[in-house]
Amino acid sequence: QLQLQESGPGLVKPSETLSLTCTVSGGSISSDSNYWGWIRQPPGKGLEWIAIINNSGTTYNNPSLKNRVTISVDTSKIQFSLTLSSVTAADTAVYYCVRYSSSLGCFDPWGQGTLVTVSS
Amino acid sequence: DIQMTQSPSSVSASVGDRVTITCRASQGIRSWLVWYQQKPGKAPKILISVASSLHSGVPSRFSGSGSGTDFTLTISTLQPEDFATYYCQQASSFPLTFGGGTKVEIK
């Protein structure tokens, strides 16, 4: 059974860069029909898609994050990563790593999520 | 961007009730609509993809319908474990977008 697990700092200072890694277990990261990505949820609010990437390096980003996002995949480590630059308090959220099926248009499974707080 | 509008934002219901949640897209998305369930402190879980296809392991009391701009999620007989927040998501075009959520609460 495919499982995803986020890791990274829980506290980031304003103007700095948030970096998260997702480790995939129980399956391959190399399927061409799958993308790997990130979704976030500010406390008490709804879901916001951030970005996805496939094993060929094709990426799609949410323009609302104004080029602050970098997503990458390391197939040898079965990991993918997110960096978000110039963070502010508005970037405080639970960050989920996900698999995106391009054939069904859905996110499944999801990691358990990791809370990242932006504060000095 | 395609805006997804869910209604109601919350609904109070009793065990055994039939509950219907609506999701409207700001432009046509054919059947590229997904439904998720989220319980407090947990990650969302997929219920339905391509508007009406029940995900493996999801109880048959959940059903989805619609195409174009108007979609519904129906819980035929509400169970205690169904009290949660439900989100729709469109997969027709980037950026992928979610509805604002519908919280199903105990009456």
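Every read-out reported here was derived from the displayed coordinates using simple, explicitly stated rules and does not represent laboratory data. The structure presented is a predicted model; accordingly, all values stated were derived computationally and were not measured. Positions of Cβ are backbone-derived with ideal geometry, glycine not excepted, and every protein chain shown enters the neighbour counts.
Mind sorting A:D32, B:D1, A:D91 by how few other Cβ atoms lie within 10 Å of their own Cβ, fewest first? Write out the running numbers ahead of the final one.
Numbers: A:D32 10, B:D1 14, A:D91 20.
Lowest count first: A:D32, B:D1, A:D91.
Debye calculation, C-alpha points only, no solvent: report log10 I(q)/I(0) for the protein assembly as shown at q = 0.10, 0.12 Å⁻¹, in the same order as the q values. Here log10 of I(q) over I(0) equals -0.44, -0.64.
What is the Rg over Rh value, at two decimals, for chain A, using alpha-carbon atoms and the Kirkwood definition of Rh?
Values: Rg = 13.5 Å, Rh = 14.2 Å.
In chain A, Rg relative to Rh is 0.95.
The ranking of A:E6, A:E48, B:E81, A:E16 from fewest to most other beta carbons within 10 Å of each one's beta carbon is B:E81, A:E16, A:E48, A:E6. Here the simple spin-label model places points 7 Å from the Cα toward Cβ, and for B:T69 and A:S31 these points are separated by 3.5 nm. Using only the C-alpha atoms, the convex hull of region A:23-75 corresponds to 108 Å³ per residue. Compute the distance from the alpha-carbon center of region A:67-120 to that of region B:81-105, in whole Å. If we compute the Cα centre of each part, the gap is 18 Å.
Can you tell me the dipole magnitude for region A:31-120 around its Cα centre, using point charges on the Cβ only (Lys, Arg +1; Asp, Glu -1), in Debye to the nearest 20?
On the way: 6 positive and 5 negative charges, 36 e Å.
The calculation lands at about 180 debye.
Taking label positions 7 Å along the Cα-Cβ direction at both A:L2 and B:S9, the computed distance is 3.4 nm, reported to one decimal.
Find the percent of Cα-Cα distances in chain B that exceed 16 Å, and round it to a whole number.
Details: 2983 of 5671 pairs.
So the portion of pairs separated by more than 16 Å is 53 percent.
Can you tell me how region B:1-48 classifies by the Cα gyration tensor, rounded, prolate or oblate, using a/c under 1.5 as the rounded cut? Note, shape of region B:1-48 comes out prolate. Considering only alpha-carbon pairs that sit under 8 angstrom and 6 or more positions apart, the relative contact order computed for region B:20-103 is 34 percent. Placing unit charges on each Cβ (+1 for Lys and Arg, -1 for Asp and Glu) gives the protein assembly as shown a dipole about its Cα centre, and among B:I46, B:G100, A:P63 the Cα reaching farthest toward its positive end belongs to B:G100.
Taking Lys and Arg as +1 and Asp and Glu as -1, the other residues whose beta-carbon sits under 15 Å from that of A:S30 total 0.
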